[in-house]
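The values are calculated or read from the model by the stated rules, or taken from the named source; none is laboratory data. Every value quoted in this text rests on a predicted model; they were computed, and no experiment measured them. Please note: Cβ atoms are built from the backbone with ideal geometry, for glycine as well, and neighbour counts cover all protein chains shown.
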């Protein structure tokens with residue numbers, strides 16, 4: 001992933017999060033299936049395909065003076081780990097079933113390794129003084145927000161439409177890096193990669209669950 005550079009003056013803080021990036025073929029696959037689904041179940045905002053990601057930790061506003069230290073901790077936290085593979089699971093939603101606030105696809109595959117990666121990222125951020133989002137980690141990829149259909153959303157019917165649009169092009173994909181993103185609320189795409197942290201080692205992530 002190419003990291004953007006800017007000559008603009010740096011703000012005093014930036015809204016940031018840490019996530020697993022999604023390869024281009026997977027983004028295209030998801031965008032096509034999401035577009036097909038939203039024709040029947042419309043949402044106010046569809047996530048831009050370039051913004052697809054799997055959040056490990058939402059940090060909120062981070063002072064620019066702390067970014068170097070944060071990058072160092074994140075790099076050292078994930079560097080010893082080896083890459084692993086994920087796959088796409090079924091659809092899910094947050095919010096009321098009939099009028100959900102978020103539409104997402106669950107993440108399957110080596111999900112326990114993903115959970116351990118999230119735990120390491122959270123611990124790294126905490127060492128710099130940022131607790132970030134303290135909610136339990138839920139492996140998912142957001143597709144759209146704020147249902148606006150005239151009829152209630154039907155999970156069963158949505159699942160049939162979603163499954164019917166699966167062309168089988170994506171079986172699984174590798175996780176070999178973690179990205180620190182900056183969020184720009186008035187842009188589209190909204191998220192800007194600021195630093196990449198590769199998984200370079202031979203150490204498999206722990207498979208035990210973390211609180």
- Message: Can you list residue pairs whose Cβ atoms sit under 7 Å apart, with the first residue in region 58-78 being without any contact (Cβ under 8 Å) to a residue 12 or more places away in the chain and on the phi < 0 side of the Ramachandran plot and the second being surrounded by 13 or more Cβ atoms within 10 Å (Cβ to Cβ) and assigned to a helix (DSSP H, G or I)? Count only pairs 6 or more apart in sequence or on different chains.
- Response: none
- Message: Go through (1) within 16 Å of residue 16 (Cα to Cα); (2) in contact with a helix residue (DSSP H, G or I) (Cβ under 6 Å, 6 or more places away or on another chain); (3) surrounded by 14 or more Cβ atoms within 10 Å (Cβ to Cβ) for residue 189 and report which single condition fails.
- Response: (3)
- Item | Flag if residue 4 is modelled with pLDDT under 95, touching a strand residue (DSSP E or B) at 6+ places or on another chain (Cβ under 8 Å) and not in a strand (DSSP E or B) | yes
